[in-house]
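The block underneath contains the structure these notes are about, expressed in structure tokens.
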Amino acid sequence: MSARSRAIRTRKPDEIRQSRRRRPTRCLDHLIAAPLWPFHGVNLGTLLRTCDAVGACLAVPRLPWVPEALAKGNTLRQPACVHWTGNPLIWLEKQRLSGSRVLGVELAEDAVRLADLPAARRRTVMVLGHEATGVPPEALDLLDDVVEIPMIGTGASLNVAVAGSLVLYKLAGLA
């Protein structure tokens, strides 16, 4: 049978909802996206939506503009799992001391390629840096591992929300 002779049927929203895993009633705290040096509010909204899609939480610093960015970005209009970090370096250190794996998304030597990244098997914090400068040097020592997204085009890196979303899907075991 050729691919052309097969009819493609799209699923209706009710069918999609029924086939999904049940949503936990509380934050599982297993996977956390941490854009700790945010620059664009729209990226936080996109990451919040991805966190909802994969069952992750979002950790953000208490900057004056962040709550409004999250409110605008929460297009689902349901409560989202958000952790407020305060000082990013102190928060990251606490995560490591509590036994979390801290994974940075960064262009670095000895980085794991995205395709080779296994799904998270324990509590994992995925750290995203600043749009222009990446993860600050003083935070690099707080990372257990680094993942890199290979690129063919002329750009050096992807938008923070896009990169974070790709890595979240991989860590969640959905890609």
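Throughout, read-outs are computed from the coordinates displayed, never taken from laboratory work. All values reported here derive from a predicted model rather than from experimental measurement. Cβ placement follows ideal geometry from the backbone for every residue including glycine, while neighbour counts extend to all protein chains displayed.
Side notes on the structure shown:
- Among residues other than VAL112 with Cβ under 14 Å from its Cβ, the summed charge is -4 (Lys and Arg +1, Asp and Glu -1).
- Its DSSP H runs of at least 4 residues, each contributing -39,500 (n - 2.57), put the calculated 222 nm mean residue ellipticity of the chain at -9000 deg cm²/dmol, to the nearest 500.
- DSSP-defined beta bridges in the range 25-171 - what % are antiparallel, rounded to 5: 5
- Helical segments meeting 18 Å axial Cα length and Kyte-Doolittle 0.0 threshold in the chain (DSSP H): 41-54
- Proximal aspartates and glutamates to LYS94, defined as alpha-carbon separation beneath 20 angstrom and excluding residues fewer than eight positions away on the same chain: ASP29, GLU138, ASP141, ASP144, ASP145
- Here the chain is assigned +1 on the Cβ of each Lys and Arg and -1 on the Cβ of each Asp and Glu. Its dipole about the Cα centre then comes out at about 1420 debye.
- Nearest-0.05 FRET efficiency for GLU138 and ARG113, computed from C-beta distance (R0 30 Å): 0.70
- Dipole of the chain [Lys/Arg +1, Asp/Glu -1 at C-beta], most positive-end residue of ASN159, SER5, VAL135: SER5
- Space enclosed by the convex hull of the alpha-carbon atoms of the chain, per residue, Å³: 163
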